[in-house]
Amino acid sequence: MTQQPPATPYALRLSIDYPDRPLHRLTTFFRIIWIIPVAVVAVAISGGYWNWDWGDRGQAFGGGGGGVLFLAVLLVILFRQKYPRWWFDFNVELTRFGTRIWTYLALLTDVYPSTDEHQAVHLDVDYPDAKRDLNRWLPLVKWLLAIPHYVVLIFLTIAAVVAVIIAWFAILFTGRYPRGLFDYVVGVGRWVLRVQAYAFLLVTDRYPPFSLA
């Protein structure tokens with residue numbers, strides 16, 4: 001019997017530690033207010049391009065100074081087949097910061113988002129070898145090829161918002177985040193981030209899987 005080789009992990013991987021303990025009811029009740037200070041910091045860093053659709057930051061199409069670097073990376077990949085390491089590191093750290101914020105907003109943790117520590121959010125992104133791993137022309141159309149994902153994610157995100165509302169009541173009454181809802185919300189966030197890695201961070205040419213896992 002031939003043994004199948006293990007599947008290659010996607011270029012972006014997200015896991016969030018499940019809080020197997022009573023969560024703080026007071027900060028849960030006022031979460032939408034508690035998050036304002038760090039949200040202001042996020043807006044300042046991203047240059048006003050921030051939006052709240054489950055971890056997908058608005059892109060700085062001008063390519064510098066605000067939000068993740070998109071246009072600048074696209075042009076350098078297109079004309080020089082390079083992905084400058086410090087641009088990559090900036091994009092990854094900004095994505096990690098944003099992910100910690102939506103994790104807190106979605107009640108997946110009651111630990112206030114740090115500007116630099118990873119906390120319960122584990123987001124890893126593989127640095128690409130642009131000449132070997134990236135097609136120089138594909139970044140021009142990745143955003144278009146990702147449209148099927150956008151359509152699916154509209155419905156998944158609506159369901160995730162409902163799940164967070166249910167979890168909000170569950171935490172207030174029981175102190176716990178139902179594990180099934182937790183896994184679903186994390187899965188939607190993971191899906192969004194994989195699409196972002198493909199279409200906007202431009203770290204991989206591998207098409208994102210249609211999967212929460």
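The values are calculated or read from the model by the stated rules, or taken from the named source; none is laboratory data. Everything quoted here is computed from the prediction, not taken from an experiment. Cβ atoms come from the backbone with ideal geometry, glycine included; neighbour counts cover every protein chain shown.
Within the stretch 83-92, identify whether any single residue is over 24 Å from residue 19 (Cβ atoms) and not in a helix (DSSP H, G or I), and answer yes or no.
Yes, because at least one residue in the stretch 83-92 is over 24 Å from residue 19 (Cβ atoms) and not in a helix (DSSP H, G or I).
Against the condition at pLDDT below 90, of a type in the set (Asp, Glu) and surrounded by 14 or more Cβ atoms within 10 Å (Cβ to Cβ), how does residue 56 come out, does it pass?
When the stated conditions are applied, residue 56 passes them.
Residues are listed down the side, and each one gets a yes or a no for (1) modelled with pLDDT of 95 or more; (2) among the hydrophobic types (A, V, I, L, M, F, W, C); (3) farther than 29 Å from residue 43 by Cα; (4) surrounded by 14 or more Cβ atoms within 10 Å (Cβ to Cβ):
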residue	(1), (2), (3), (4)
126	yes, no, no, yes
132	no, no, yes, no
163	yes, yes, no, yes
181	yes, yes, no, yes
201	yes, yes, no, yes
213	no, yes, yes, no
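Scan the stretch 97-126 for residues that are assigned to a helix (DSSP H, G or I) and among the hydrophobic types (A, V, I, L, M, F, W, C) and jot them down.
Correct list: 97, 101, 102, 105.
With respect to residue 7, determine if the residue is at pLDDT below 95, outside any loop (DSSP other than H, G, I, E, B) and within 26 Å of residue 194 (Cβ to Cβ).
Taking the combined requirement at face value, the residue does not satisfy it.
Checking the condition within 19 Å of residue 30 (Cα to Cα) and in a helix (DSSP H, G or I), which residue from 155, 173, 182 passes?
173
Give me the pairs: first residue in the stretch 105-116 and free of Cβ contacts under 8 Å to residues at least 24 places away in the same chain, second residue part of a loop (DSSP other than H, G, I, E, B), beta-carbon distance under 8 Å, and six or more apart or on different chains, which are they?
That search, which allows pairs on different chains as well, returns 111/119; 111/120.
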